[in-house]
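Student: Quick one: structure below, then a few questions.
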2 protein chains.
Amino acid sequence: MKASEVIKKILAEHGEITEVYWVACGGSLIDLYPSHFMLTVESAKTSSGWHTAKEFLVATPKKLGKHSLVVMCSHSGNTKEAVDSAILAHERGAAVVTLTDNAGSKADDPRFITWVYPWGDGVPTAEVPLGICPMLVAELLRAQEGFDKYDALVKGIAQMDDIIAKAKVKVNAELGEKFADLCEKNKFFYILGSGANFSQTYGFAICSLMEMQWQNCCYIHSGEYFHGPFECTEPGVFYFLQMGSSSARVMDERALAFLKTHTDQLMVLDALEYGMGEVDEGVRAYLEPALFYAMNVELRAARGKRFDHSPEIRRYMGIEQY
Amino acid sequence: MKASEVIKKILAEHGEITEVYWVACGGSLIDLYPSHFMLTVESAKTSSGWHTAKEFLVATPKKLGKHSLVVMCSHSGNTKEAVDSAILAHERGAAVVTLTDNAGSKADDPRFITWVYPWGDGVPTAEVPLGICPMLVAELLRAQEGFDKYDALVKGIAQMDDIIAKAKVKVNAELGEKFADLCEKNKFFYILGSGANFSQTYGFAICSLMEMQWQNCCYIHSGEYFHGPFECTEPGVFYFLQMGSSSARVMDERALAFLKTHTDQLMVLDALEYGMGEVDEGVRAYLEPALFYAMNVELRAARGKRFDHSPEIRRYMGIEQY
């Protein structure tokens, strides 16, 4: 499937798209955020909303209608509230794109344009939601209002696989053991990030750590940190700072300066030291969440090894009724 | 100042408003969220964005322009990134309303429509941002597209003061000591909420607890809870669930059912048991954050008393350079 064809089909049927809603749950919702962020920053025509699926169902935007595009992602394809959101959007006349890893699932339905993506080691960034969705945005922008960063984005997506491959080696050498040590010392800690990366700050907390490691932690936006949360900072409290490479970086830098002098438990992952400098500055913000996601995977594996807790283990999800 | 006059003036100068951006930091950002939520749900014409101020400056929406309204709130009136956001919005041609408690501050500037609000015990909900902003939304809706819940909203705002007064007595009698006990037993805990109330879930965490009590904690959306965070739940882990009274309540109820059987450390504050049932169902969602805010104030005071830690104490904010 090609993003350009998806957008062409949508515009042929819906005339114009004036708002896009990104709807999913948990890890899939996290994967949609960079594209929500990108559309908000780059579009003079189309507004963007990002909604956890059940909230989209019970507090539905009144604007949802013929000129809306809903992009729904469900990895399993069967998450009830996510599928219900796509159905609601279809009934309201919106264009609906569903992304799923599971062909034949409920998300894979003729009412929607369903994009089945592959998953696992070695699958290129371009083929998973973190690469597909920015291209959907780029094609929508190009078709409706022009997008002068189009070529840079296409090139940037292609660059990510090599950047990530090198970064995996580096993060394991430099931060894996350190992170496992810090997890042994700290029953609870904070993760900081900003911009589109904040999705991976949240994702590291709720997916990689809470879900897959049963590790208590909290996610804080680097900009918001100074408007309350920093009062908790003191020696003995561990902070993991995800430093971005885009315009939001100034918030991470401000947090870094404070953290350096106010805690003795600090770990920093700087995207500029992990290859993001190779990508065009104008599109880095939308792509570096893919780098942070990959780093989160390595770090949770390092913790899992130390604690003898495989990231595959669940005690409730998909096991109990809830 | 009257919301109707503010909107009238804005529409006279800007013709129409096609998007509203709510921009602030920390506690002020939290106070803007219910109105962002309301506009998203209730408007078929105007989109809504909610941005921490520094991020608004470094990742500015391209749509920001003549037909945008930026509502900026700064309690002190001098928070640099918030004031800079208002200036940027003005320079881009947007209408700018600034809310501040501080007449003569940088937020109080002739380039903006500045609404100076009173603060402190006994100030009615109608006169603070949690009451002013829903009325700005209501007047904008009424002027541009009609709003059939207008009377219900006006009535609801007037009802909140009595509801809150009674709720303060009740929460201190029923939950104050219990919360202080649970804080003594738990060095870290989770707060859950959903819908517009999620702003006060976040606010209780970052303002009332992290900032004012140096209490480590984390905020989780009740709907997202099942997509990762619930794997951390077990006996000995404390959860405080803020249950709303509006359509989002189904998410809180689902979390409640799970929490009841998976932890022995649970505290629930149910808005329906604290008077929200008196308010029209169609507008409750936009007003109950004012109830939760008032309850947060009481609970942090109860904790502060037990720990001999006044909520007024700061060690960094306004003291150090950062």
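Student: Counting only complete DSSP H runs, which helices of chain A cover 15 Å or more along their long axis at the Cα atoms and score a mean Kyte-Doolittle of 1.0 or above?
Tutor: Result, helices passing both filters: A:129-144.
Student: May I ask for the Kirkwood hydrodynamic radius of the range B:21-69, worked out over all distinct Cα pairs and given in angstroms to one decimal?
Tutor: Every distinct Cα pair counted, the radius reaches 11.3 Å.
Student: While we're on this one: Give me, ordered by chain and number, the residues 5 or more places off B:G49 or on other chains with an amide H under 5 Å from its own placed amide H.
Tutor: Long-range HN contacts for B:G49: B:V20, B:Y21, B:W22.
Student: Okay, next question. Once the convex hull of the alpha carbons of the range B:173-307 is built, what does its volume come to per residue, in cubic angstrom?
Tutor: In the range B:173-307, the Cα hull volume divided by residue count equals 92 Å³.
Student: On a C-alpha basis, how far is the centre of the range A:279-322 from the centre of the range B:1-23 in Å? Whole number, if you could?
Tutor: If you average the Cα positions of each part, the centres end up 43 Å apart.
Student: Ok, one more. Just checking chain B: which Cys have no other cysteine's beta-carbon under 4.7 Å?
Tutor: So, B:C25, B:C73, B:C133, B:C183, B:C207, B:C217, B:C232.
Student: Go ahead and estimate [θ] at 222 nm for the protein assembly as shown from helices alone: -39,500 (n - 2.57) per DSSP H run with n ≥ 4, summed, over the residue count, rounded to 500.
Tutor: So the helix-based figure for the protein assembly as shown works out to -14000 deg cm²/dmol.
Student: Across peptide A:79-89, what mean number of C-beta atoms from other chains lies inside 10 Å of a residue's C-beta?
Tutor: Numbers: counts 2, 0, 4, 1, 0, 0, 0, 0, 0, 0, 0.
For peptide A:79-89, the averaged partner shielding equals 1.
Student: Can you give me the Cα centroid spacing of the range A:119-185 and the range B:205-232 in angstrom?
Tutor: 28 Å
Student: Compute the signed sum of charges (Lys and Arg +1, Asp and Glu -1) over the other residues within less than 15 Å, Cβ to Cβ, of A:E231.
Tutor: So the surrounding residues net to -1.
Student: Divide the volume of the convex hull of the Cα atoms of the range B:3-144 by its number of residues and quote the answer in cubic angstrom per residue.
Tutor: Here the figure is 94 Å³ per residue.
Student: Mind putting together the pair-distance distribution for the range A:224-289? All Cα pairs, 5 Å bins, whole percent per bin, short to long.
Tutor: 3, 17, 27, 21, 14, 11, 6, 1
Student: I need the semi-axes of the equivalent ellipsoid of chain A: take the C-alpha gyration tensor, multiply each eigenvalue by 5, square-root it, list largest first in whole angstrom.
Tutor: So the three semi-axes of chain A are 33, 22, 18 Å.
Student: For the range B:202-248, report the translational diffusion coefficient in µm²/s to the nearest whole number, using Stokes-Einstein at 10 °C, 1.306 mPa s, and a Kirkwood Rh over Cα pairs.
Tutor: D, rounded to a whole number, is 131 µm²/s.
Student: Can you give the Kirkwood hydrodynamic radius for the range B:110-261, in Å, rounded to one decimal and based on Cα pairs? If you can, show how the numbers build up before the last one.
Tutor: Values: mean 1/r = 0.0560 Å⁻¹.
The Cα-based Kirkwood calculation yields 17.9 Å.
Student: Something else now. Convert 37 °C to kelvin, take the viscosity as 0.692 mPa s, use the Kirkwood radius over C-alpha pairs of the protein assembly as shown as Rh, and evaluate the Stokes-Einstein diffusion coefficient in µm²/s, rounded to a whole number.
Tutor: Working: Rh = 24.8 Å.
Value of D from the Cα-based Kirkwood radius: 133 µm²/s.
Student: Shifting gears a bit: Please tell me which of these pairs span more than 18 angstrom C-alpha to C-alpha: A:K8/A:K66; A:K62/B:K2; A:K2/A:K66; B:K54/B:K106; A:K185/B:K178?
Tutor: A:K62/B:K2; A:K2/A:K66; A:K185/B:K178, as the Cα separations exceed 18 Å there.
Only the coordinates and a few stated rules stand behind these numbers; no lab work does. Keep in mind it's a predicted model, so treat the numbers as computed, not measured. Every residue, glycine as well, gets a Cβ built from its backbone with ideal geometry; the counts of neighbours run over all protein chains shown.
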